[in-house]
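Quick one: this structure, given as C-alpha cells, is what I'll be asking you about.
Any read-out appearing in this document is the output of simple, stated calculations on the displayed coordinates, not a laboratory observation. Since we're looking at a predicted model, the values are computed, not measured. Cβ atoms come from the backbone with ideal geometry, glycine included; neighbour counts cover every protein chain shown.
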C-alpha cells in the first residue's frame, strides 16, 4: 500500500470517528452537559488532526503532479 493510500485510509477512519463524536456530543447536550463538552472537545482535537492530514494529502498530490 502506497503512502497516499495509507493517508487516505487514515483520513477516512478519523473522519468517521469525528462524525461519531459530534453526534454523541449533540445527543448528550440535553442530558449530560459535561459529557457533551468532553465529546465536543475530542471532536475538535480530531478535526485539527484531520486538517493537518488534509494538508499532507494535498501536498503529497501536488508533488506527484
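Relative to 2.2 N^0.38 Å, what does the C-alpha radius of gyration of the chain come to as a ratio? Two decimals please. Present the calculation step by step, with values, prior to reporting the outcome.
Details: Rg = 14.9 Å, N = 65, 2.2 N^0.38 = 10.7 Å.
Here the answer is 1.39, to two decimals.
Does anyone have the angle between helix 3-28 and the longest principal axis of the chain? Alpha-carbon axes, 0 to 90°, nearest 10?
10
Using the alpha-carbon atoms, what tilt in degrees (0 to 90, nearest 10) does helix 33-64 show relative to the longest principal axis of the chain?
Tilt relative to the chain: about 10 degrees.
Under the definition of Cα pairs under 8 Å and six or more residues apart, what whole-number percent is the relative contact order of the chain?
Numbers: 37 pairs, mean separation 25.8, N = 65.
Result for the chain is 40 percent.
What is the spin-label model distance, in nm, from residue 20 to residue 7 if the labels are put 7 Å beyond Cα along the C-beta direction?
Placing both labels 7 Å beyond Cα along the Cβ direction yields 2.5 nm.
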